[in-house]
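Right, one structure below, let's go through it.
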Amino acid sequence: MPGTPTIRRRLNRLVAGSLGALLAVAVQTAPARADVGDVGDVTEYPITTSDSFPAGITAGPDRAMWFTESGVDKIGRITTGGAITEFAVPTASSFPFDITQGPDRALWFTEGSADKIGRITAAGAVSEFPLPVAGSFPLGITLGADRALWFTEAGTNKIGRMRPDGAVTEYAIPTPESDPYHIAAGPGGVWFTEEIAGKIGRVDHFGKVTEYPLPTGFEFPSDIAEGPGGMWFTATHQVGRITPKGKITLFPLPNPDEGADGITRGPDGNMWYADQAGHIGRITPKGKVTEFPVTGGSDKVPFNIATGPDHNIWFTELLGNAIGRLDAHPGRGHGPHASVGQPTPKGPQGQRHERPHRMRPCGPGTPRAAAPFCR
């Protein structure tokens, strides 16, 4: 599981100092291939800028994938053929983290250390919208059914809503210091994970916040996405599903040392997740798990994940400084690791659970409330 001193030292450099304004540069990457047998290939596209720490990734309106480079204050764009273009974020040391397609054919992203929401057009023009409260530390972001941008505020323990004109409304989370992390649109509103509180939250269209505790409270939920039967989320050593009525089922992963992070609905109707220990996983609606290794993946840290316009799975390699693509063809093989998850019963009272290592680098000026994200 990630967490070695070497990784910590690399992460400590992530937001240290101001790197200044960066010019957009287009490069054609040389892909590196890793064969995963009869389930398709993993292709990796290195990012030319070193120590870029790619984090969030999403499909854009231009049939390309867009991603954040949290270590160098850039937004990246990669075509399905592997051509990468990078665009500078105006604010230095802003920590761009998550990214989503907006209602206006632009991409919107969070700037955690800058307390801003950013917007970039398909042509690379960037604008920024400051949030009302300093220290809000926005992280996850999604497009809601109301065509507004919804995002988590880890520093102020709120969920924010931003209209395309920049107007912001905020909703307080009942549980103090819950550390809201990722967020996604779903049945009845937007759903989000509360990593430290061990809960799944929902904000409905009227602004009412409802929280659903996980069985033990020590699951540390991470990413969340809509899928078959409700919302699917990653947690400590497991993937979970919550129905619109709040029923929760947890499916354990094959390897107890795994730390699943990003999750998305795949082109085959299954859910796909990125495992920081070095796999890309697939889980069926019935809970059958199949995992495909990324060569050297435990050192590269597969982090976030999205389905591309080419019907393949795309993911960021946080420490590998690359974007990966996995051919996701339905019904091809069963992979090297497979298991069928079962609902996880509530653990005994007082049982201690190890919190997974989350790649949340912080630097000078990071709000105190965001400290649980730092390593």
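The values are calculated or read from the model by the stated rules, or taken from the named source; none is laboratory data. As the structure is a prediction and not an experimental result, all values here were calculated from the model. Positions of Cβ are generated from backbone atoms using ideal geometry, with glycine treated the same way; all protein chains shown enter the neighbour counts. Protein only, heavy atoms only, side chains kept; ligands, DNA and RNA dropped before computing areas. Shrake-Rupley method; radii C 1.70, N 1.55, O 1.52, S 1.80 Å.
I need the full set of residues from the stretch 86-111 which are more than 20 Å from Gly144 (Cβ to Cβ), open to solvent by less than 20 Å² (accessible area, probe 1.4 Å) and not acidic (Asp, Glu), in order please. Break it down into steps so the answer makes sense when it comes.
Going residue by residue through the stretch 86-111, those that are more than 20 Å from Gly144 (Cβ to Cβ) are 86-96.
Retained after the next criterion (residues that are open to solvent by less than 20 Å² (accessible area, probe 1.4 Å)): 86, 89, 94-96.
Listed by number, the residues that qualify are Val89, Ser94, Phe95, Pro96.
Condition first: at positive phi, open to solvent by 10 Å² or more (accessible area, probe 1.4 Å) and under 18 Å from the mean Cα position of the chain (by Cα). Now tell me which residues in the stretch 187-203 satisfy that.
Result: no residue meets the conditions.
Is at least one residue of the stretch 27-38 of a type in the set (Lys, Arg), modelled with pLDDT under 95 and under 28 Å from Asp310 (Cα atoms)? Show your work before the answer.
First, pick out the residues of the stretch 27-38 that are of a type in the set (Lys, Arg): 33.
Narrowing the set further to residues that are modelled with pLDDT under 95 leaves 33.
Next cut, under 28 Å from Asp310 (Cα atoms) only: 33.
The answer is yes, given that some residue of the stretch 27-38 is of a type in the set (Lys, Arg), modelled with pLDDT under 95 and under 28 Å from Asp310 (Cα atoms).
Go through the stretch 204-216 and count every residue that is crowded, with 23+ Cβ neighbours inside 10 Å and more than 16 Å from Leu250 (Cβ to Cβ).
Going through the stretch 204-216, the residues crowded, with 23+ Cβ neighbours inside 10 Å turn out to be 214.
Filter once more, so that each one left must be more than 16 Å from Leu250 (Cβ to Cβ): none.
Count: 0.
Looking for whichever is part of a strand (DSSP E or B), at pLDDT 95 or above and over 16 Å from the mean Cα position of the chain (by Cα) here; the options are Thr249, Thr264, Thr234, Thr175. Which one fits?
On the way: Thr264 fails: over 16 Å from the mean Cα position of the chain (by Cα); Thr234 fails: over 16 Å from the mean Cα position of the chain (by Cα); Thr175 fails: part of a strand (DSSP E or B).
Among Thr249, Thr264, Thr234, Thr175, only Thr249 is part of a strand (DSSP E or B), at pLDDT 95 or above and over 16 Å from the mean Cα position of the chain (by Cα).
Residue check, Trp272 against (1) aromatic (Phe, Trp, Tyr); (2) at pLDDT below 95; (3) within 18 Å of Pro221 (Cα to Cα), all met but one. Which one?
(2)
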